[in-house]
Amino acid sequence: MNPDIEQYSAETAPPTAAPQPVKPGLKGLLKDVLETLLVSLLLFVAINQISARIRVDGFSMEPSMHSGEFVIVNKLAYKIGSPQPGDIIVFHPPRNPQEDYIKRVIGLPGDQVVITDGGVQVNGQVLDEPYILQPPRYSASWDVPEGHLFVLGDNRNNSSDSHNWGPVPLKDVIGKALFVYWPPENWGLVAHTSP
């Protein structure tokens, strides 16, 4: 490159002024705060439309889930799919619709569930259930009506579930348990073991 051109260009370039920092006034600060609050509100509403947070209360899901754990629930799971045997779901029970219960799906609409001799049968098939605390000490049978699910706690002999009050209407299902987020030592995905 020709040094004369460089020198000429440098000598004739107009001087540039250093940018002045913009000092936000009270209006600017209020605008920023309002924008932040609006975005936070929109995120809060969006997150609550697709998920819920519940606390496991009691020992009906031992040993799979423990009392005091906090769980994130996927509320979209059954809007785009359907419940499967082994799914751990959160729902409003028929006897206490203002509460949230968490149980495992055993029977689907149209299934026949028979509990006898310490085992659970669905449509004549004995389920292999390594996740339960102990075999059930009760016997009965149910036909799951259309639009309902048959659910049981993993602690079969210490659980208020479908064996007490019958199948759960699908319309009362909140969603599928997804992730334990509290306490930290229990963090992890919820195991949806198919029986």
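Throughout, read-outs are computed from the coordinates displayed, never taken from laboratory work. A quick note: this is a predicted structure, and the numbers were derived from the prediction, not measured. Cβ atoms come from the backbone with ideal geometry, glycine included; neighbour counts cover every protein chain shown.
Structure above, values below:
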{"read-out": "Length gained when the stretch Leu26-Tyr138 is fully extended (0.36 nm per residue, less Cα-Cα span)", "value": "33.3 nm"}
{"read-out": "Segment Leu34-Asp57, extension gain: residue separation times 0.36 nm, minus the distance between their alpha carbons", "value": "4.5 nm"}
{"read-out": "For Leu189, Leu133, order by how many other beta-carbon atoms lie within 10 Å, fewest first", "value": "Leu189, Leu133"}
{"read-out": "Packing-based ranking, highest mean first, of 97-104, 25-32 given that Cβ atoms within 10 Å are counted", "value": "97-104, 25-32"}
